[in-house]
Amino acid sequence: MRLVAVAMLALLAGCVTPAVAPRDVVNELAPTGKLRAAINFGNAVLAQREPFGGVSVDLARELGKRLRVQVEFATYDAAGRVTADATKGVWDVAFVARDPERAKDIEFTPAYVIIEGGYMVPASSPIQSVAEVDRPGMRIAVGRGSAYDLWLTRNLKQATIVRAPTSPAAIELFRKDNLEVAANVKQPLMEYARRNPDVRVLPGRFMAIEQAMATPRGRSAGARYLTEFINEMKGSGFVAAALERSGQRDATVAP
């Protein structure tokens with residue numbers, strides 16, 4: 001049954017007719033004549049280096065068809081570095097999690113994928129639940145500027161955040177400095193724990209991460225178009241098929 005469902009999603013996604021975008025939208029989303037799409041390899045749910053692809057890459061290419069422009073990819077290793085460039089004119093669209101701090105410089109679409117933020121601890125840790133993490137003496141490794149860094153900064157009361165340059169580097173920091181907890185997207189944590197039995201991932205999540213498309217503020221026509229585009233891509237089955245193709249079966253298409 002799953003294979004039939006996947007085949008149907010792929011068929012639906014392939015039947016999307018690339019309607020041409022209005023000229024004012026093209027001017028805002030591709031001001032250089034190309035669609036410059038920021039791709040974050042720090043989140044393997046959205047993009048993968050080898051082979052190059054993932055749901056965010058597929059969405060960028062489909063948007064390029066609608067705009068009738070070439071897509072030029074700007075690659076990053078951390079979402080915080082993507083958002084730090086929002087006001088520098090180096091990308092036109094990006095694929096990052098919705099967050100009120102980021103919204104100062106970025107306009108977001110509705111979410112297209114929902115993923116979970118999770119905690120990993122040493123296998124010998126006495127911590128058994130997410131609720132036990134926020135207490136004195138707990139040091140949590142995170143990737144600087146990530147969605148979970150921003151969320152934890154606002155919400156933690158007693159634990160200490162220890163920041164690494166990227167999310168993969170946060171796991172290295174967690175191991176090297178014998179920290180109590182690592183925070184990350186749950187899928188890569190689960191994969192890491194499968195390969196390393198001396199750590200484990202706590203059940204449940206500490207946050208839901210709403211992945212969205214984004215464009216720098218000041219592009220109102222482009223932002224409205226992106227919202228319509230994302231809603232169509234979800235409704236047509238395009239997003240679900242892209243996740244399936246890239247092996248991200250645990251990610252959930254947003255309502």
What number, rounded to the nearest 500 deg cm²/dmol, is the helix-based mean residue ellipticity at 222 nm of the chain, given -39500 (n - 2.57) per DSSP H run of at least four residues and division by all its residues? -10500 deg cm²/dmol
A chain fully extended from ARG224 to GLN128 at 0.36 nm per residue, minus the present Cα-Cα distance, gains in nm 30.2 nm
Using a Förster distance of 25 Å, the FRET efficiency for ARG139-THR252 (Cβ separation, nearest 0.05): 0.25
Can you sort LYS34, LYS176 by 1.4 Å-probe accessible area, starting with the largest? LYS176, LYS34
At R0 = 22 Å the Cβ-Cβ FRET efficiency linking ASN155 and ARG175, nearest 0.05, sits at 0.35
Please report the spacing between the Cα centers of the range 54-69 and the range 170-234 in Å, no decimals. 21 Å
Tell me the net charge near ILE114. Cut-off is 15 Å between Cβ atoms, ILE114 excluded, with +1 for each Lys or Arg and -1 for each Asp or Glu. +1
So what are the ³J(HN,Hα) numbers for the range 201-213, from phi and the Karplus equation (6.51, -1.76, 1.60; θ = phi - 60°), rounded to whole Hz, Gly and Pro as x? 9, 5, x, x, 9, 9, 7, 9, 9, 9, 7, 9, 8
Listed by chain and number, the residues whose amide H is under 5 Å from that of ALA78, excluding neighbours fewer than 5 places away on the same chain and using placed H, are PHE41, GLY42
Between ARG68 and ARG49, the two model label points (7 Å from Cα along the beta-carbon direction) sit apart by a distance in nm of 3.8 nm
Karplus (6.51, -1.76, 1.60) ³J(HN,Hα), θ = phi - 60°, over the range 103-108, in Hz, Gly and Pro reported as x: 5, 5, 10, 10, 9, 9
Amide H proximity to MET207 below 5 Å, modelled H, separation 5+ or other chain, gives GLY117
Report the per residue volume, in Å³, of the convex hull enclosing the C-alpha atoms of the range 143-255. 140 Å³
Going 7 Å from the Cα of ASP24 along its beta-carbon direction, which residues of the range 82-109 have the amide nitrogen within less than 20 Å of the resulting point? 93, 107-109
Pairwise label distance in nanometres, ILE114 with ARG205, each label 7 Å out on the Cα-Cβ vector: 0.7 nm
Quick one: helix 220-235 against the long Cα principal axis of the chain, what's the angle to the nearest 10°, folded into 0 to 90? 80 degrees
Which value, in Å to one decimal place, does the Kirkwood hydrodynamic radius take for the range 112-194 when every pair of different Cα atoms is included? 12.7 Å
Lysines within cross-link reach of LYS234: Cα-Cα under 25 Å, excluding same-chain residues under 8 positions apart? LYS34, LYS65, LYS186
Computed ³J(HN,Hα) along the range 186-194: with the Karplus parameters 6.51/-1.76/1.60, θ = phi - 60°, integer Hz and x for glycine or proline, the list is 5, 4, x, 5, 5, 5, 5, 5, 5
Specify which residue in the list GLY143, ALA30, ALA183 is farthest towards the positive end of the charge dipole of the chain, using unit charges on the beta carbon of Lys, Arg (+1) and Asp, Glu (-1), about the Cα centre. ALA30
For the chain, take the longest principal axis of its alpha carbons; what is the angle in degrees between that and the long axis of helix 167-176, to the nearest 10 within 0 to 90? 10 degrees
Using modelled backbone amide H atoms (1.01 Å from N, in-plane), which distant-in-sequence or interchain residues come within less than 5 Å of VAL162's amide H? ILE140, ALA141, VAL142
Give the value in nm², to one decimal: projected area of the alpha carbon convex hull of the chain, averaged over all directions. 13.8 nm²
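The values are calculated or read from the model by the stated rules, or taken from the named source; none is laboratory data. Computed from a prediction, not measured in an experiment: that's the story for all the values here. We place every Cβ from the backbone using ideal geometry, glycine too, and count neighbours over all the protein chains shown. Accessible surface is based on the protein model in full, side chains and every heavy atom, while ligands, DNA and RNA are left aside. Shrake-Rupley method; radii C 1.70, N 1.55, O 1.52, S 1.80 Å.
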